[in-house]
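Working notes, structure below.
What follows draws every value from the coordinates through simple rules; no lab data is involved. This is a predicted model, so every value here is computed, not measured. All Cβ positions, glycine included, derive from the backbone under ideal geometry; neighbour counts span all protein chains shown.
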Amino acid sequence: MSSLDKAVETQLNNIQTKTGKTLDALTEMVQKSGLTKHGEIREMLQRELGLGHGDANTLVHFALQSDGTSAALRPIHDKLMAEIVQFGEFEIAPKKGYVSLRRKKQFAMIGPGTNTRVEVGINAKGLASADRLLEQPAGGMCNYKVKLTDAGEVDGELVAWIKQAYESAG
């Protein structure tokens with residue numbers, strides 16, 4: 001067990017002592033709250049249990065079984081991938097900070113831009129201009145980037161751009 005894991009374990013034990021509740025009971029409290037956003041859950045735990053910011057933050061990660069970024073970003077990633085897999089066969093190549101989607105060549109990249117934003121890099125030429133389609137400098141890994149903060153932003157327009165890149169990648 002790493003020293004970081006030991007520190008988190010100690011913090012979770014201290015939270016149980018402070019609150020008089022087991023981790024199962026605390027997780028159930030989070031689930032029953034109906035809240036889904038990390039910050040809202042953290043604030044609720046601070047208010048309801050008198051926890052400090054750090055303890056409440058750690059408890060949210062434990063209850064949501066997240067690493068600090070994936071809970072907020074997962075629905076966006078899942079919706080993107082559900083659309084893209086319908087195109088046909090391609091390779092998913094996990095990298096350190098993103099996933100590369102490839103046929104004969106890379107057609108898209110998906111990764112966190114921030115803790116609350118997913119960025120989709122699109123490797124295609126000649127896409128029609130749009131406010132959210134950000135052209136990237138020449139020589140980069142992708143020609144365009146789209147920033148997403150909600151799964152609802154995965155719409156027909158974005159999927160069409162990615163599909164055009166998929167089709168031109170081989």
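Tabulated data
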read-out	value
Selection count where residues are without any contact (Cβ under 8 Å) to a residue 24 or more places away in the chain and either outside any helix (DSSP H, G or I) or not β-branched (Val, Ile, Thr) (or both), scope the stretch 1-20	11
Residue in the stretch 86-101 that is touching a helix residue (DSSP H, G or I) at 6+ places or on another chain (Cβ under 6 Å) and surrounded by 16 or more Cβ atoms within 10 Å (Cβ to Cβ) present	yes
Selection from the stretch 128-166 of residues that are in contact with a Phe, Trp or Tyr (Cβ under 8 Å, 6 or more places away or on another chain) and under 16 Å from ILE84 (Cβ atoms)	TYR144, VAL146, TRP161, ILE162, LYS163, ALA165, TYR166
Close pairs (6 angstrom Cβ cut-off, 6 or more residues apart or separate chains): of a type in the set (Gly, Ala, Ser) in the stretch 34-59, crowded, with 20+ Cβ neighbours inside 10 Å anywhere	ALA56/ARG42; ALA56/LEU45
Count of residues meeting criterion [more than 22 Å from VAL85 (Cα to Cα) and either in contact (Cβ under 8 Å) with a residue 12 or more places away in the chain or within 21 Å of the chain's Cα centre (by Cα) (or both)] in the stretch 114-127	3
